[in-house]
């Protein structure tokens, strides 16, 4: 079983993940990852026919700065793209779990972790004891959110 604190941190970062996804989409606007057959040529600096040494270009003197710059930009965009996919997956996992919870459990988890409402405030709203809500919250995390 995963540590409850790690699960809680992921739930608390829900809003920030949504903002990060929006910002990454802005950064990657128009970017299409190229992982087809030609992708190895981009990273190795040439095609296999004119590149006797793997990772080195035959015309290294004139084009090394341009190649290094383009490869660096492509790798930076690839890293952003992978981060975007990772954030989307985590948000989707959280949303899927929240969708299957009962209304009471969903209100508790969303209220405490996503909307930053205290257990005391929720206990008044839900007409339940704060200690009971705390135990219920932990039980929900252990039962449903172990896959995060």
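Every read-out reported here was derived from the displayed coordinates using simple, explicitly stated rules and does not represent laboratory data. Since the model is a prediction, treat every value here as computed from it, not as a measurement. FYI the Cβ positions are ideal-geometry reconstructions off the backbone, even for glycines, and counts take in every protein chain you see.
Please arrange 114, 32, 94 by counting, for each residue, the other beta carbons lying within 10 Å of its beta carbon, fewest first. Before the final figure, lay out the partial values.
Numbers: 114 16, 32 8, 94 22.
Fewest to most other Cβ atoms nearby, the residues stand as 32, 114, 94.
Treat the count of other C-beta atoms within 10 Å as a stand-in for reagent exposure and order 97, 124 from fewest to most. Kindly include the intermediate steps, with their values, before the conclusion.
On the way: 97 20, 124 11.
Taking fewest neighbouring Cβ atoms as first place, the list is 124, 97.
Distance between the pseudo-spin-label points of residue 95 and residue 114 (7 Å out from Cα toward the beta carbon): 1.0 nm. Note on residue 79 and residue 147: their simple-model spin labels are 3.1 nm apart, each label 7 Å out from Cα toward Cβ.
Shown for 137, 93: other C-beta atoms within 10 Å of each C-beta, ranked fewest to most, produce the order 93, 137.
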